[in-house]
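Undergrad: Here it is: the structure, laid out below.
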Amino acid sequence: MPTERKVKEVEALTERFSSASMVIATDYRGIPVQSMDRLRRSLREKGAHYRVAKNTLARIAADRAGRPEIKQIVAGPCAYVITDGDAAAAAAALTAGIRAERLGMAVLGAVLGKEVLSTGRLEQLASLPGREELLAQLLARMNAPITGLVAVLSAPLRGLATVLQRRAEQLAAGTTAGAS
């Protein structure tokens, strides 16, 4: 007979798993509490949550959420990084937190959408720039041809204006020299 606490835990995990864009399973054993708190804080800033859950409850929640692929990354004592926001930012925050705190934490696997990712692919995802930076790069590349076109179209006009300005300066200098 499941306890009320376990039922609530499964409901909470089901809700998180169903709305998650990415779930990362990590081994959390041997991590100091202060380091874990700092890691959780940095993940929370990126819109991700770090949650320790029993494997049985996580498997039940994955089935109820319609996400059976999550069960593939459940192995041993697991804690889960769950995000419904920018997956690359959450992965980057996790890897940066592990490096900054010098944690011996192992990443067991990840699920992005419906695809199970290896730890190598997760590291590649973490090395990508954030969503805002990618959008800025895209806009800069879209703006470059227009900027070039404006420069090309304005060059003859700018050249004509320069020639007229120099000629006006010459005439002004000539009348000043002739007047003395």
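The values are calculated or read from the model by the stated rules, or taken from the named source; none is laboratory data. As the structure is a prediction and not an experimental result, all values here were calculated from the model. Reconstructed Cβ throughout: ideal geometry from the backbone, glycine too, with neighbour counts over all protein chains shown.
Undergrad: Look through Ala96, Ala100, Ala90, Ala126 and report the one residue that is touching a Gly at 6+ places or on another chain (Cβ under 8 Å), in a helix (DSSP H, G or I) and either touching a residue at least 40 places away in the same chain (Cβ under 8 Å) or closer than 25 Å to Arg38 by Cα (or both).
TA: Values: Ala96 fails: touching a Gly at 6+ places or on another chain (Cβ under 8 Å); Ala100 fails: touching a Gly at 6+ places or on another chain (Cβ under 8 Å); Ala126 fails: touching a Gly at 6+ places or on another chain (Cβ under 8 Å).
Ala90 is the lone residue from the list that is touching a Gly at 6+ places or on another chain (Cβ under 8 Å), in a helix (DSSP H, G or I) and either touching a residue at least 40 places away in the same chain (Cβ under 8 Å) or closer than 25 Å to Arg38 by Cα (or both).
Undergrad: Would you say Glu45 is under 27 Å from Gln124 (Cβ atoms), of a type in the set (Asp, Glu) and at pLDDT 80 or above? Before the answer, list the steps.
TA: On the way: under 27 Å from Gln124 (Cβ atoms): yes; of a type in the set (Asp, Glu): yes; at pLDDT 80 or above: yes.
Answer is yes for this residue.
Undergrad: Test Ile60 against the criterion of being over 17 Å from Met22 (Cβ atoms) and at pLDDT 85 or above, and give yes or no.
TA: Working: over 17 Å from Met22 (Cβ atoms): yes; at pLDDT 85 or above: yes.
In short, yes.
Undergrad: Could you tell me whether Gly104 is of a type in the set (Gly, Ala, Ser) and modelled with pLDDT of 80 or more?
TA: Working: of a type in the set (Gly, Ala, Ser): yes; modelled with pLDDT of 80 or more: no.
So Gly104 does not fit the description; no.
Undergrad: With the requirement that a residue be surrounded by fewer than 17 Cβ atoms within 10 Å (Cβ to Cβ) and in a loop (DSSP other than H, G, I, E, B), what does segment 42-68 give you?
TA: The answer is Gly47, Lys54, Gly66.
Undergrad: Of everything in segment 69-87 that's in contact with a helix residue (DSSP H, G or I) (Cβ under 6 Å, 6 or more places away or on another chain) and part of a helix (DSSP H, G or I), which residue is nearest to Glu115 (Cα to Cα)?
TA: First, the residues of segment 69-87 that are in contact with a helix residue (DSSP H, G or I) (Cβ under 6 Å, 6 or more places away or on another chain): 70-71, 74, 81-84, 86.
Now drop any that are not part of a helix (DSSP H, G or I), which leaves 70-71.
On the way: Ile70: 9, Lys71: 12 Å.
Per the criteria, the residue is Ile70.
Undergrad: I've got another one for you. Give the residue that is farthest from Glu132 (Cα to Cα), with candidates limited to residues of segment 1-42 that are hydrophobic (A, V, I, L, M, F, W, C) and touching a Gly at 6+ places or on another chain (Cβ under 7 Å).
TA: To start, the set of residues in segment 1-42 that are hydrophobic (A, V, I, L, M, F, W, C) comprises 1, 7, 10, 12-13, 17, 20, 22-25, 31, 33, 36, 39.
Right, trim to touching a Gly at 6+ places or on another chain (Cβ under 7 Å) and you get 25, 39.
On the way: Ala25: 26, Leu39: 22 Å.
Ranking the candidates gives Ala25 first.
Undergrad: Working carefully through the options Ala100, Ala93, find the one that is crowded, with 18+ Cβ neighbours inside 10 Å and either among the polar types (S, T, N, Q) or within 23 Å of the chain's Cα centre (by Cα) (or both). Before the answer, list the steps.
TA: Values: Ala100 fails: crowded, with 18+ Cβ neighbours inside 10 Å.
It is Ala93.
Undergrad: Give segment 118-152 a look and list any residue that's among the aliphatic types (A, V, I, L, M) and exposed (fewer than 10 other Cβ atoms within 10 Å of the Cβ), or say none.
TA: Our first condition is that a residue be among the aliphatic types (A, V, I, L, M); within segment 118-152, this holds for 122, 125-126, 128, 134-136, 138-140, 142, 144, 146, 149-152.
Once the filter is applied, which keeps residues that are among the aliphatic types (A, V, I, L, M) and exposed (fewer than 10 other Cβ atoms within 10 Å of the Cβ), segment 118-152 yields Met142, Ile146, Val152.
Undergrad: Determine which single condition Val107 fails, assuming it passes every other condition in (1) without any contact (Cβ under 8 Å) to a residue 24 or more places away in the chain; (2) in a strand (DSSP E or B).
TA: So Val107 meets the others, but not (1).
Undergrad: Just one of the numbered conditions (1) in contact (Cβ under 8 Å) with a residue 60 or more places away in the chain; (2) surrounded by 20 or more Cβ atoms within 10 Å (Cβ to Cβ) is not true of Val81; which one?
TA: Unmet for Val81, out of (1) in contact (Cβ under 8 Å) with a residue 60 or more places away in the chain; (2) surrounded by 20 or more Cβ atoms within 10 Å (Cβ to Cβ): (1).
Undergrad: How many residues are among the aliphatic types (A, V, I, L, M) and farther than 19 Å from Arg44 by Cβ if we restrict to segment 65-114? Spell out how you get there, then give the answer.
TA: The first filter runs over segment 65-114 and keeps only residues among the aliphatic types (A, V, I, L, M), leaving 65, 70, 73-75, 79, 81-82, 87-94, 96, 98, 100, 103, 105-108, 110-112.
Right, trim to farther than 19 Å from Arg44 by Cβ and you get 65, 70, 73-75, 106, 108, 111-112.
Number of matching residues: 9.
Undergrad: Follow-up. So, in segment 14-32, how many residues would count as being assigned to a helix (DSSP H, G or I) and either closer than 24 Å to Ala126 by Cα or outside the structural domain of Gly76 (by TED's automatic domain parsing) (or both)? Outline the logic, then answer.
TA: Taking segment 14-32 first, the residues assigned to a helix (DSSP H, G or I) are 14-19.
Then drop every residue that is not either closer than 24 Å to Ala126 by Cα or outside the structural domain of Gly76 (by TED's automatic domain parsing) (or both), which leaves 16-19.
Count: 4.
Undergrad: Take the residues in segment 14-41 that are in contact with a strand residue (DSSP E or B) (Cβ under 6 Å, 6 or more places away or on another chain) and not hydroxyl-bearing (Ser, Thr, Tyr), then tell me which one is surrounded by the most Cβ atoms within 10 Å (Cβ to Cβ).
TA: Filtering first and then ranking leaves Ile24.
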